[in-house]
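Worksheet for the structure shown next.
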Amino acid sequence: MGAVRSPRAIAFLGHLLRHLRRRPIRVLWDNGPPHRSKLVREFIEKNPRLEVHRLPGYRPELNPEEWVWTHLKKHELASFAPHDLRELKYGFRLAVVGMRDRPQLLWKLVRSSGLPS
């Protein structure tokens, strides 16, 4: 896949704008270099539907993604013992899809992070 640079970040945002029409789009981003670049900032300013929220510097307890990973490891995959990489990938995919289909759980994990609303 390669490194994510500003053009790829802009392409991703453009994809969101095309496919999620007529509503604001909230993006949670870390402070990685592509997310802070001048090109990306200009793109965001030109597209008012994009509502970008930056995550704080390395503070895993405030990062909702860390809460999702922790839930996956401690609950969804707690007793999962795959025999090989293929089985691991399959089990992981099932766990992620299962969580995706439970938005109330994902919102609970986001709220648990303690990030301001």
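So the values come out like this:
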quantity	calculated
Segment 1-14 - residue that is assigned to a loop (DSSP other than H, G, I, E, B) and open to solvent by 80 Å² or more (accessible area, probe 1.4 Å) and, of those, modelled with the highest pLDDT	R5
Within segment 25-37, considering residues that are out of contact with any Lys or Arg (no Cβ under 9 Å at 6 or more places or on another chain) and not β-branched (V, I, T), the one surrounded by the most Cβ atoms within 10 Å (Cβ to Cβ)	G32
Test: residue in segment 15-24 that is touching a helix residue (DSSP H, G or I) at 6+ places or on another chain (Cβ under 9 Å), of a type outside the set (S, T, N, Q), loosely packed, with under 13 Cβ neighbours inside 10 Å and under 25 Å from V110 (Cβ atoms)	no
Residues that are open to solvent by less than 90 Å² (accessible area, probe 1.4 Å), part of a loop (DSSP other than H, G, I, E, B) and at pLDDT 90 or above, drawn from segment 38-72	N47, R49
Among residues of segment 74-95, those that are surrounded by 13 or more Cβ atoms within 10 Å (Cβ to Cβ) and within 19 Å of P64 (Cα to Cα), counted	4
Where R41 falls short, out of the listed (1) without any contact (Cβ under 8 Å) to a residue 12 or more places away in the chain; (2) over 28 Å from R5 (Cβ atoms); (3) not hydroxyl-bearing (S, T, Y)	(2)
Test result for R59, farther than 28 Å from G98 by Cα and out of contact with any helix residue (DSSP H, G or I) (no Cβ under 6 Å at 6 or more places or on another chain)	no
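The values are calculated or read from the model by the stated rules, or taken from the named source; none is laboratory data. In this text the structure is predicted, and so the values were computed from the model without any measurement. Ideal geometry is used to build each Cβ from the backbone, glycine not excepted, and the neighbour counts take in all protein chains shown. Ligands, DNA and RNA are excluded from the accessible area calculation, which covers all protein heavy atoms including side chains. Shrake-Rupley method; radii C 1.70, N 1.55, O 1.52, S 1.80 Å.
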